[in-house]
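Comments concern the structure below.
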Amino acid sequence: MSDPVSGPPRGPETSPAPGTIDIARASELARRVLDEVDRAVVGKREALTLVLSGVLAGGHVLMEDFPGLGKTLAARSFAQALGLDFKRAQFTPDLLPGDITGSFIFDQRSGEFEFRAGPLFTGLLLADEINRTPPKTQAALLEAMQEKQVTVEGRTFPLPRPFHVLATANPVEYEGTYPLPEAQLDRFLMRVSFGYPSLDEEWQILSNRMARQQEEQVLDAVVTPDELLAMQAAIEATVVDESIGRYCVALAAATRTHGDVLMGASPRGALGLLLCSRAYAVIDGRDYVTPEDVKAVALPVLAHRITVKPELWMSNVSGAGVVAGILRTVDTPSAREATRGSASGSGGERHTP
């Protein structure tokens with residue numbers, strides 16, 4: 001195996017430093033988190049795996065789908081299972097930037113202005129219906145999502161760690177909405193859709209509701225915020241062969257030369273493929289990345305970074321279709337004999353959807 005692009009090889013004698021965890025433990029905790037969230041969000045294991053991959057990769061996830069398909073429930077469930085403080089900001093046309101970042105309030109008792117933190121100061125923020133607020137308020141998220149800080153009246157306030165944004169967007173009812181600009185979309189590591197459940201899954205949702213005899217479902221915290229940070233740090237040791245890294249680059253570059261594309265994915269898209277495929281591999285129980293990991297995350301990582309030519313807007317051409325075509329045409333790295341066992345001892349076996 002050639003030199004890895006990211007992360008040093010983990011020898012069999014390596015033991016984690018105090019306050020850290022190894023990849024095997026991170027994989028175990030990730031699967032337990034998914035099992036817990038599965039209790040609330042029925043039949044969406046693959047979509048939930050993608051969302052968790054985005055979080056473990058240290059990024060933010062945009063969940064875009066029709067109303068009532070569990071986007072808000074998924075965000076709240078992840079916050080509970082990951083042990084994170086949770087706040088929800090309902091984005092409306094009259095929402096101001098200070099409503100989410102916070103603002104200075106004059107305290108009459110002290111005679112001074114004091115900063116009152118907004119909902120951004122949390123572990124996991126649900127930005128609900130982010131496309132219903134004007135661009136000025138949408139832009140207020142840019143600094144927070146990229147720099148993990150907010151600046152109000154010239155003063156900078158760091159956000160707590162970990163900090164993640166799970167945003168929802170409604171692809172219908174375009175009247176009164178403000179489509180996210182490309183710069184804002186690019187800040188989201190992934191865009192995930194849940195889709196409608198099957199008939200059996202929908203009945204399971206109804207059955208679960210009757211069994212618990214209450215609307216709200218409370219999940220157990222599987223990890224603490226510190227353990228989540230340790231899981232994110234453990235993923236940095238995942239081995240990425242040079243051929244896999246170049247495959248990520250080739251996929252991102254192919255979006256820029258596609259005949260239907262006005263603007264393709266930037267190098268941030270290639271980096272997103274690398275980061276998310278590492279997390280996806282760890283969730284699957286391995287400490288190395290395969291081409292199938294990259295393919296599994298390619299659509300949610302790249303599709304929203306592609307702008308189709310305006311003359312094709314009324315056709316069936318879309319970013320998702322472009323990515324699907326690229327996955328069929330770009331050469332996949334040849335399979336190599338795994339020289340290092342997976343973190344869970346499963347031999348790296350995968351069932352790709």
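The values are calculated or read from the model by the stated rules, or taken from the named source; none is laboratory data. What you see is a predicted model, and the numbers here were worked out from it, not measured in a lab. Note that each Cβ is placed from the backbone with ideal geometry, even for glycine, and that neighbours are counted across all protein chains shown. Please note that ligands, DNA and RNA were not included when accessible areas were found on the heavy atoms of the full protein model with its side chains. Shrake-Rupley method; radii C 1.70, N 1.55, O 1.52, S 1.80 Å.
Here is how the numbers come out for the structure above:
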read-out: Among (1) in contact with a Ser or Thr (Cβ under 8 Å, 6 or more places away or on another chain); (2) modelled with pLDDT under 95; (3) open to solvent by less than 20 Å² (accessible area, probe 1.4 Å) - the single one ARG88 does not satisfy; value: (3)
read-out: Flag for GLY102 being at positive phi and free of Cβ contacts under 8 Å to residues at least 24 places away in the same chain; value: no
read-out: Subset tally (residues that are part of a loop (DSSP other than H, G, I, E, B) and of a type in the set (Asp, Glu)) for segment 297-336; value: 1
read-out: Condition met for MET210 (modelled with pLDDT under 95 and part of a helix (DSSP H, G or I)); value: yes
read-out: When residues of segment 2-47 are limited to those that are in contact with a helix residue (DSSP H, G or I) (Cβ under 9 Å, 6 or more places away or on another chain) and modelled with pLDDT under 50, the one nearest to ARG286 (Cα to Cα); value: ARG10
read-out: Which listed residue, of GLU182, GLU202, is at pLDDT 90 or above, surrounded by 13 or more Cβ atoms within 10 Å (Cβ to Cβ) and farther than 24 Å from GLN90 by Cβ; value: GLU202
read-out: Criterion violated by GLU114 - all others in (1) modelled with pLDDT of 90 or more; (2) part of a strand (DSSP E or B); (3) of a type in the set (Asp, Glu) satisfied; value: (1)
read-out: Pick from segment 238-265, criterion out of contact with any Asp or Glu (no Cβ under 7 Å at 6 or more places or on another chain) and assigned to a loop (DSSP other than H, G, I, E, B), ranking: modelled with the highest pLDDT; value: VAL240
read-out: Single unsatisfied condition, GLU173 versus (1) open to solvent by 10 Å² or more (accessible area, probe 1.4 Å); (2) modelled with pLDDT under 85; (3) not in a loop (DSSP other than H, G, I, E, B); value: (3)
read-out: Complete set of residues in segment 117-135 that are under 16 Å from PHE163 (Cβ atoms), part of a strand (DSSP E or B) and either without any contact (Cβ under 8 Å) to a residue 24 or more places away in the chain or open to solvent by less than 20 Å² (accessible area, probe 1.4 Å) (or both); value: LEU124, LEU125, LEU126, ALA127
read-out: Pairs where the first residue, in segment 137-157, is over 13 Å from ILE100 (Cα atoms) and the second is part of a helix (DSSP H, G or I) and open to solvent by less than 70 Å² (accessible area, probe 1.4 Å), C-beta under 8 Å, 6+ apart; value: GLN146/ARG187
read-out: VAL165 being farther than 18 Å from TYR280 by Cα, within 23 Å of the chain's Cα centre (by Cα), among the hydrophobic types (A, V, I, L, M, F, W, C) and open to solvent by 70 Å² or more (accessible area, probe 1.4 Å); value: no
read-out: Matching option when the condition is touching a strand residue (DSSP E or B) at 6+ places or on another chain (Cβ under 9 Å) and surrounded by fewer than 18 Cβ atoms within 10 Å (Cβ to Cβ), among SER53, SER103; value: SER103
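Let's see how each residue does on (1) more than 20 Å from VAL61 (Cβ to Cβ); (2) under 18 Å from the mean Cα position of the chain (by Cα); (3) not aromatic (Phe, Trp, Tyr):
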site	(1), (2), (3)
ALA250	yes, no, yes
ALA265	no, yes, yes
SER277	no, yes, yes
TYR280	no, yes, no
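Table: residues versus (1) crowded, with 17+ Cβ neighbours inside 10 Å; (2) under 21 Å from LEU189 (Cβ atoms); (3) at pLDDT below 95.
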site	(1), (2), (3)
VAL297	yes, yes, no
TRP313	no, no, yes
ALA324	no, yes, yes
ASP331	no, no, yes
